[in-house]
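The values are calculated or read from the model by the stated rules, or taken from the named source; none is laboratory data. Everything quoted here is computed from the prediction, not taken from an experiment. Counting neighbours? That spans all protein chains shown, and the Cβs are built from the backbone with ideal geometry, glycine included. For the accessible areas, the whole protein counts, side chains as well, though only heavy atoms, and no ligand, DNA or RNA atoms are used. Shrake-Rupley method; radii C 1.70, N 1.55, O 1.52, S 1.80 Å.
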Amino acid sequence: MTAPSLSPSGLSTGSRLATLAASPLALALMAIIVLLGLGEMLSPGFARGDQIIRLLTVAALLGIAAAGQNLVILAGGEGIDLSIGAQISFGAIIAGNVMNGSDAAIAHAILAACGATFLVGLVNGLGVTLVRLPPLVMTLGMMAIIQGGLVVFSQGIPSGNAAPALMGFINQPALLGLPGILLAWAVLIVLMGLLLRRTALGFAIYAVGANARAARLVGLPVRAVRTLVYGLSGALAGLTGVFVIGYTGNSFISVGDQYMLPTIIAVVIGGTSLAGGTGGYVGTVAGAIALVLLQSVLTTLHLDFWGRQLIFGGTLLLLLALYGRQTGPRV
Amino acid sequence: MTGTPETPALPMPAPTPLGPAIEARDIVKRFGAVQALGNGRLTVGRGEIHALLGANGCGKSTLSKIIAGTHAATAGSLLIEGRPVRFATPREAEAAGIALFYQELSLIPPLSVAANIFLGREPRTRAGFIDRTRLRAETEALIALFGDTAGPGLTPDALVADLTPGQRQIVEILKVLSKSPRIVIMDEATAALDARQVAVFFDILRARRAAGVSTVFISHRLDEVFALCDRVTVMRNGETVADLCIADTDQDSVVRLMIGDVRKAGRRTRADRPAAAPLLQADRVGGGRLRDITLAVAPGEILGLGGLQGQGQSALLRGLFGADPLTAGRLRLDGQPVRIRAPADAVARGIAYVSGDRVADAVLAGRSIFENLAAAVLVRERRWRVGAGTLAPRLAGVAASLKTKYAGLDDAIGTLSGGNQQKVFIARWLATGPRLLLLDDPTKGIDLGAKADLFALIRQLADSGVAIILYSSEEAELLDQSDRILVFNGGAVVTELSGPTLDSFHLTRAAYGDAA
């Protein structure tokens, strides 16, 4: 007998469509290759090394935020975090104000941004578990509260800007030609893998998502687990906010809004079931990269934000319809 | 649209002076390959209250549903008031003057009492609108039948959702009576009624009998049958085995007819019975529908919970485990008072609970066999790391002790058969080394081989000093495994069987309400 592995076990259900959908990770990797080829065809130089690093940097921002979305969705109970975009803005503005261009204050900025968004996430979690509000409604309401609050308190013009060292961490090569944010993302990927595959908390997240009633009957603290994943989602959104202000230099009120829908799509592309209990972060990473590539190809085609939005929404629905066709359980 | 005898929807056969109210001959009913009824016979005279008795699954509900037009018979003949009939729908039976009280209540909770009683048969005004004045008055008159026993709140305009279970049952009874049937089938109509309501209900049935109405009365309470009925038909395994006059028989004879040959084989035998101090003691615990249950179970003992299905056995096990916490009474573990408010409290004290409802209560769907096995151990041992390297061989060993068949621990739980899945869920708990094992109908829907493996293991566990409380919906299993049996009825323990009384006869008699 061996320990549980990362490999999905082959439960193919006959039809080619289902077999394809049964391995979303393979599908996402295929999409990455096809999109790279397509981009290179449309605009030679698209797949050049420095271009790819630039794309991966953008993918890292999405991927870090999507890690939180991933945990929330895995824990089931129709879990979803629609406040991620607003929390990224929140984190970015807190970090900008704490740093205010000073390298010495970076650690404080990260702590303050992640701490505040962690607490906001816990409020989301308590609203879902204790007050029993549907996650969709709770996090949508939280999104509006944060967006409104940011406008009210900053009077529309957020102050503060990124420290130079943080901007360098995001935009300059640090090790082996890779910028620091990619190394940070790599560390997160390893940490997520350890959490989900090696710790009792990770097992509990899957168990709660797969069957909350059964999880409770083995003594698992179902509400605490679900509350915690919203907290973690908040903290990861806050961290993303810190990186976003490092990427752009300064922030604006709605800097994070564009991330909300893509985090969900990245998680779904990666094969995590919206019903909870199945999936993992490796797929989400591939999903985030594929999505950023798609966005980039669409930009090459001179599609504006709303055109890309249209494609994104369509992609999400198409994938859900495709994955929904399979009948057997996915591991 | 109306189905009352005054204005029949279908041509109604004129009552003839010849022939009994109901004559069912050689009725056969198959559901696919399953034969629910092999030889159903029932003859009910006019103006007679006739009991239909039998153990769970003997076919009495199937037979009554055929008479009421809910099911169509596969073979056999049915005569109502001397005329051969073949009802295609309940409406046709209703038009012939037959009304069935549904064991599964057919009420619509968000509607009013009056709306429920006259659903689809509401009195109309000339203009064709519902005549609310008459609707309310007729409902008032029906409720008045139960007088002050109906309790507060049972009014024509009350919503069914706001009523007590007993009041809902009264509304269902009134719905049947409002159709003014000449033949009425009351299937477990007294289950939720209190003693005073039952007495009034019986007076109503007797009054209808005097008016020539025939009643088929199905009940799990033998004393009711003997107080009310004129004749009794007993069924067993889909066949009618006796048709007797109540005056010529007694409760013990009827119980013997219901169970047939008493089986003895396969009984658990214990060479020595250690007089150990009790592990768990419950003192007058209650909550939900459980009332004043007192019990004690010692290490090495298998305590059975018996009685008809749904009398509180599962509720007690779930209560002891904290899944549906008990609200009254005291629990002691090793003589020390304990409070168990959630499953986590029970797990921390070495209590394990195996449910027969695998899909709802146990399966971590889409997860691996390893994860399904490890779930309880991780909680019990308060692990932070999973430590699969050492845990996997250990769990594989426990699964093997139950003869669980699987290809690899990484395979999805869904790849296993129901019996093997249930073994995984038992192994999940065995790995925690429980001191008290609560088994809630653990063999429901699993094959014979798996059952034998499970019970062999359960005995082994008991012999190694684990205390076990077992509920099984299969009487034979319960009798074979238990050292003692507490018999449940209506949320309370009515009697305890042990030694010479631990047999099918005493169990059936106690379950059917005769506290011997």
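As a test of the definition: with a 1.4 Å probe, what buried accessible area, both sides summed, do you compute for B against A, in Å² to the nearest 100? Display every interim value, and only then the final one.
Numbers: alone 22460 and 15260 Å², together 35040 Å².
Chains B and A together bury roughly 2700 Å² of accessible area.
When the helices of chain A are scored as -39500 (n - 2.57) per DSSP H run of n ≥ 4 and the total is divided over every residue, the value at 222 nm lands at -23500 deg cm²/dmol. Ranked by solvent-accessible area (1.4 Å probe, protein heavy atoms only, all chains present), the residues A:ARG132, B:ARG46 order from largest to smallest as A:ARG132, B:ARG46.
Can you tell me what percent of all Cα-Cα pairs in segment B:74-155 are more than 23 Å apart?
In whole percent, the long-distance tail amounts to 42.
When the residues A:CYS114, B:CYS58 are ordered by accessible surface, computed with a 1.4 Å probe over the protein chains alone, the sequence from largest down reads A:CYS114, B:CYS58.
Ordered from largest to smallest accessible area (heavy atoms of protein chains, 1.4 Å probe), the residues B:LEU205, A:LEU36 come out as A:LEU36, B:LEU205.
Residues of segment B:422-447 with an amide N closer than 12 Å to a point placed 7 Å from the Cα of B:VAL338 along the Cα-to-Cβ direction: B:434-438.
Looking at the protein assembly as shown, the DSSP beta bridges with both ends there are about 55 percent antiparallel. In segment B:372-398, comparing the full protein assembly with the chain on its own, the residues that lose 50 Å² or more of accessible surface at a 1.4 Å probe are B:VAL379, B:VAL386. Taken residue by residue and averaged, Cβ atoms of other chains lying within 10 Å of the Cβ of B:405-414 number 4. What the phi angles of segment B:300-312 give under the Karplus curve with 6.51, -1.76 and 1.60, with θ = phi - 60°, is a coupling list of x, 9, 10, 9, x, 10, x, x, 5, 5, x, 9, x Hz, glycine and proline written as x.
What a 1.4 Å probe finds exposed on segment B:280-511 is 50% carbon and sulfur by accessible area, rounded to a whole percent.
Going by average Cβ density within 10 Å per residue, which order do the peptides A:273-286, B:320-333 take, highest to lowest? Don't skip to the answer; put the middle values down first.
Values: A:273-286: 23.5, B:320-333: 18.4.
Order by mean packing, descending: A:273-286, B:320-333.
Of the peptides A:235-241, B:145-151, A:198-204, the ranking by mean beta-carbon count within 10 Å, highest at the top, reads A:235-241, A:198-204, B:145-151. Interface residues of segment A:166-212, defined as those with an accessible-area decrease of at least 10 Å² between the chain by itself and the complete set of protein chains (probe 1.4 Å), are A:ARG197, A:ARG198, A:THR199, A:ALA200, A:PHE203, A:TYR206, A:ALA207, A:ALA210, A:ASN211. Which of B:CYS58, A:VAL131, A:GLY307 sits closest to the plus end of the dipole of the protein assembly as shown, meaning its Cα is farthest towards the positive end, when Lys and Arg get +1 and Asp and Glu get -1 on the C-beta? Final value for the positive-end residue is A:GLY307.
With a 1.4 Å probe and all protein chains left in place, how much accessible area per residue does chain A have, in Å²?
Details: 13870 Å² over 331 residues.
Ligands and nucleic acids excluded, the figure is 42 Å² per residue.
In the context of the full protein assembly, B:THR233 retains an accessible surface of approximately 0 Å², using a probe radius of 1.4 Å and ignoring ligands and nucleic acids.
This model, with +1 at the C-beta of Lys and Arg and -1 at the C-beta of Asp and Glu, gives the protein assembly as shown a dipole about its Cα centre of some 780 debye.
Let a ≥ b ≥ c be the square roots of the eigenvalues of the Cα gyration tensor of chain A; is it rounded (a/c under 1.5), or, if not, prolate (a/b larger than b/c) or oblate? Oblate, since a/c reaches 1.5 and b/c is not below a/b. Rolling a 1.4 angstrom probe over segment A:223-269 with all protein chains present gives an accessible area of which 63% lies on carbon and sulfur atoms.
Tell me, what % of the accessible area of segment B:37-259 is carbon and sulfur with a 1.4 angstrom probe? Don't skip to the answer; put the middle values down first.
Working: 4730 of 8970 Å².
With neighbouring chains kept in place, the figure for segment B:37-259 is 53 percent.
Could you point to the residue in B:GLY449, B:SER112, B:LEU205 farthest towards the positive end of the protein assembly as shown's charge dipole, with +1 and -1 charges on the Cβ of Lys/Arg and Asp/Glu respectively? Projecting each Cα onto the dipole axis, the largest value belongs to B:GLY449. Dividing the radius of gyration of the alpha carbons in the protein assembly as shown by their Kirkwood radius gives 1.07 for Rg/Rh. Kirkwood's formula applied to the C-alpha pairs of segment A:199-299 gives a hydrodynamic radius of 15.4 angstrom.
A 21 angstrom limit on the alpha carbon distance is what I want to check against. Which of B:LYS60/B:LYS179; B:LYS405/B:LYS444; B:LYS423/B:LYS444; B:LYS405/B:LYS451 exceed it? B:LYS60/B:LYS179, as the Cα separations exceed 21 Å there.
Longest segment of chain B with no GluC sites (Glu not before Pro) in a DSSP loop having at most 11 other Cβ atoms within 10 Å?
Longest run free of exposed loop sites: B:105-516.
For segment B:37-259, the Cα gyration tensor yields ellipsoid semi-axes of 31, 21, 15 Å (square root of five times each eigenvalue, largest first, whole Å). Per residue of peptide B:425-432, the mean number of Cβ atoms on other chains within 10 Å of the residue Cβ is 1. Our compactness index for chain B, the C-alpha radius of gyration over the empirical 2.2 N^0.38 Å, is 1.11. Judged by the ratio a/c of the largest to the smallest principal axis of the C-alpha gyration tensor, segment A:87-246 counts as oblate, that ratio being 1.5 or greater while a/b is no larger than b/c. Which log10 I(q)/I(0) values does segment B:280-511 give at q = 0.10, 0.11, 0.18 Å⁻¹ under the Debye formula, counting every alpha carbon as one identical point scatterer? Each listed q corresponds, in turn, to -0.44, -0.54, -1.38.
On a per residue basis, segment B:37-259 carries 40 Å² of accessible surface, using protein heavy atoms and a 1.4 Å probe.
Per residue, the accessible area of segment B:303-393 comes to 38 Å² when a 1.4 Å probe rolls over the protein heavy atoms.
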